[in-house]
Amino acid sequence: MLKAVIFDLDGVITDTAAFHFIAWQKLGNKLGINITEAFNEELKGVDRTESLRRILALGNQETAFSEIEKEALATEKNDFYVSLIQEITPADILPGIAELLADLKKHSIKIGLASASKNAPAILTNLGLADAFDTIVDPSTLKKGKPDPEIFLQACKQLAIDPAEAIGVEDAYSGVQAINEAKMYAIGVGDAKTLQAADYVVPTTRELTYEKISTLWQAHTSKN
């Protein structure tokens, strides 16, 4: 029996990737590092500290800053990002997601959030979805980020369910890896080739309906 659906935030509930890109690009310009849209794709689903490490590596500046200076750079990026996401409103919820959350709630299926973003609670509030989630994992309490399964396992623990009773929804390769490692059923949103490790992929959130999820779960459980 399906007991929970656990969602990533960026690219699944709303699309804040553009805001992250603008903020990282601003920091990159300050450091003389050119951050392209293609490189920004590699930062999807990756936490702030690891994203900064990859950016500094891109510019051959990994040893140019102390840990305190790196922390200050990450904070600078985040402060700018936070100022950008103040513009988010319920109109920025991705297509079909509000209806899906309502249907899951109606069928007594628990809803969790497993996002690497420390700003997730504020974003959900701006979207008007804060009350839709039964639990939100605090990424600052975790030892490892995606593709490690810790964040999804913690979400299951907070919901008091077994991972085998849950579906994970992700738009990033590292996120799908994390779901798989957690032994959950993985649904990818986006490019089928990039997300081929998922159990099922929908091109956009519009196709992510309660009926689709129910059908996929029934087919999954009948095989196991």
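The values are calculated or read from the model by the stated rules, or taken from the named source; none is laboratory data. As the structure is a prediction and not an experimental result, all values here were calculated from the model. All Cβ positions, even for glycine, are placed from backbone atoms using ideal geometry, and neighbour counts span all protein chains on display. Note: accessible area is taken over every heavy atom of the protein model, side chains too, but ligands, DNA and RNA are not part of it. Shrake-Rupley method; radii C 1.70, N 1.55, O 1.52, S 1.80 Å.
For this structure, a couple of remarks:
- In the full protein context, the stretch 1-158 carries 49 Å² of accessible surface per residue, based on a 1.4 Å probe and ignoring ligands, DNA and RNA.
- By the helix-only formula, in which each DSSP H run with n ≥ 4 contributes -39500 (n - 2.57) and the sum is divided by residues, the chain has a 222 nm mean residue ellipticity of -13500 deg cm²/dmol.
- D_trans [Stokes-Einstein, Kirkwood Rh over alpha-carbon pairs] for the stretch 9-76, 20 °C, 1.002 mPa s, µm² s⁻¹: 175 µm²/s
- Relative to the 2.2 N^0.38 Å rule of thumb, the stretch 145-218 has a C-alpha radius of gyration ratio of 1.04.
- If you sort the three axes of the alpha carbon gyration tensor as a ≥ b ≥ c, you get a/c of 1.5 or more for the stretch 1-127 and a/b above b/c, which makes it prolate.
- Part-to-part distance (alpha-carbon centres) for the stretch 71-107 and the stretch 146-224, which is given in Å: 20 Å
- Restricting the calculation to alpha carbons of the chain gives Rg and Dmax of 17.5, 55 angstrom.
- The DSSP beta bridges internal to the chain are antiparallel in roughly 5% of cases.
- Computed over the stretch 176-224, the range of Cα coordinates on each principal axis works out to 27, 26, 14 Å, biggest value leading.
- Cut-off 17 Å, label 7 Å out along Cα→Cβ of Ser83, residues of the stretch 19-62 by amide N: 19-31
- Extension gain (nm, one decimal) between Ser66 and Asp103, 0.36 nm per residue minus Cα-Cα: 8.5 nm
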